[in-house]
Amino acid sequence: MIAIEAKYHLKCLASLYRRADKKKLQEYPSHENSVAHSIVFAELLSYIEEVHLDQSVVPVFKLANLANLYNCRIKQFGIEEQTIHSSRLKDRLIAHIPGLEAHKKGRDILLAFDSDIGQALYDATESRNITDAICIARAATIVRKQVFAYNAPFTGTFAPHCQQTSVPPALLSLVRMLLEGPSIKDQTATLLNQAALSIAQLIKFNSIKHKRQDLSSPNVRHSKNQETPLPIYIGMMVHAQTRKKGIVDKLFELGISISYDRVLHLSAGLANAVCEHFMEAKVVCPPQMHGGVFTTSALDNITILHQQLHQGHSMAHESPSSSILIRMRMLWLLVLFL
């Protein structure tokens, strides 16, 4: 100011002096105010020490909360204008309490003891793990409710979209999120992932309401309402290709196929349905034939199995050596003329 030969206006200079005097009064309070500040600061130190001595919690103090406690207490002494600055309070606390450290997190400043930092980090990690576990349990509860409320039993045929309609949308969405990611960009694909459909069907097929108390048998008792097209198709396809009971039962133990007994039950049901169709139509013809459709010829090969009772017991047709198995092959050619 002197170098450029600037001069204060008298009012501005007087105002500057008055503000300087007020600043000095704040920095050097009166004796009574100084005693009050000392008492409040001592009480704040005692509060921090008491919390630190409590072994059940790891103390982490937010500087803003300590400053509010200090200012509220100082106002009880009748000091309204003098409030302590948070940064100055932080410096005084660190100077008077050994081992107290300040850590900045965003706009907040946290005060903690250096000996408790490791325990605080461990507790935060454990709390996060517990929170994640609770979220997983809630998600499982929501999906399980829809799994058991959503039933699409097998009716003897596989419809064009039977895989999608056999599982609840919540289960399919969860599997897709696990495989492809929860982003909306990943979930807007027009083509549905077959792997997600397969996994969702197997989850529904192997879901049980209550676990069996008898642990002697490792197999899961499946309900017909929980059957989905995929395990039915795998069981019947493997049986049709191999005729091996052991392979079908092994796939059943792995949870990816229906049991061998269930395959035989479905096969018998389909055969009975075809026979009933023959009886209603009063003619033996392939069940795929439809009325009103021009047909030149239809060819099929039917195997009729007869079981013979031996000494009052029925013999299983899987073991020809112990039973009399009569196979009659019927071959016909059906020609329709219009």
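For residues that are open to solvent by 80 Å² or more (accessible area, probe 1.4 Å), hydrophobic (A, V, I, L, M, F, W, C) and within 19 Å of the chain's Cα centre (by Cα), tally how many sit in the range 150-177.
Of the residues in the range 150-177, 1 are open to solvent by 80 Å² or more (accessible area, probe 1.4 Å), hydrophobic (A, V, I, L, M, F, W, C) and within 19 Å of the chain's Cα centre (by Cα).
Filter the range 202-222 down to the residues that are surrounded by 11 or more Cβ atoms within 10 Å (Cβ to Cβ) and either assigned to a helix (DSSP H, G or I) or at pLDDT below 80 (or both) and list them by number.
Keep residues of the range 202-222 that are surrounded by 11 or more Cβ atoms within 10 Å (Cβ to Cβ), which gives 202-208, 212, 219-220, 222.
Residues satisfying the conditions are Leu202, Ile203, Lys204, Phe205, Asn206, Arg212, Asn219, Val220, His222.
Output the residues belonging to the range 131-141 that are open to solvent by less than 100 Å² (accessible area, probe 1.4 Å) and either under 19 Å from Lys209 (Cβ atoms) or not charged (D, E, K, R) (or both). Steps first, please.
Within the range 131-141, the subset open to solvent by less than 100 Å² (accessible area, probe 1.4 Å) is 131-135, 137, 139-141.
Those that are open to solvent by less than 100 Å² (accessible area, probe 1.4 Å) and either under 19 Å from Lys209 (Cβ atoms) or not charged (D, E, K, R) (or both): Thr131, Ala133, Ile134, Cys135, Ala137, Ala139, Ala140, Thr141.
Here are some conditions: (1) more than 22 Å from Pro231 (Cα to Cα); (2) open to solvent by less than 50 Å² (accessible area, probe 1.4 Å). Cys275 meets all but one. Which one does it not meet?
(2)
How many of the residues making up the range 72-86 are at pLDDT 80 or above and either closer than 13 Å to Glu43 by Cβ or open to solvent by 50 Å² or more (accessible area, probe 1.4 Å) (or both)? Don't jump to the end; show me each part of the working.
The initial filter retains those residues of the range 72-86 that are at pLDDT 80 or above, namely 72-76, 85-86.
Remaining after also requiring either closer than 13 Å to Glu43 by Cβ or open to solvent by 50 Å² or more (accessible area, probe 1.4 Å) (or both): 72-76, 85.
Summing the residues that are at pLDDT 80 or above and either closer than 13 Å to Glu43 by Cβ or open to solvent by 50 Å² or more (accessible area, probe 1.4 Å) (or both) in the range 72-86 gives 6.
Each row is one residue, and each column tells you yes or no for (1) modelled with pLDDT under 80; (2) assigned to a loop (DSSP other than H, G, I, E, B); (3) in contact with a Lys or Arg (Cβ under 8 Å, 6 or more places away or on another chain).
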site: Pro98; (1), (2), (3): no, yes, no
site: Ser115; (1), (2), (3): yes, no, no
site: Ala124; (1), (2), (3): yes, no, no
site: Thr157; (1), (2), (3): no, yes, no
site: Leu171; (1), (2), (3): no, no, yes
site: Leu197; (1), (2), (3): no, no, no
site: Ala200; (1), (2), (3): no, no, no
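The values are calculated or read from the model by the stated rules, or taken from the named source; none is laboratory data. Source: prediction; values computed, not measured. Cβ sites come from the backbone with ideal geometry, for glycine too, and all protein chains shown count toward neighbours. Calculation scope for accessible area: heavy atoms of the full protein, side chains included, ligands and nucleic acids excluded. Shrake-Rupley method; radii C 1.70, N 1.55, O 1.52, S 1.80 Å.
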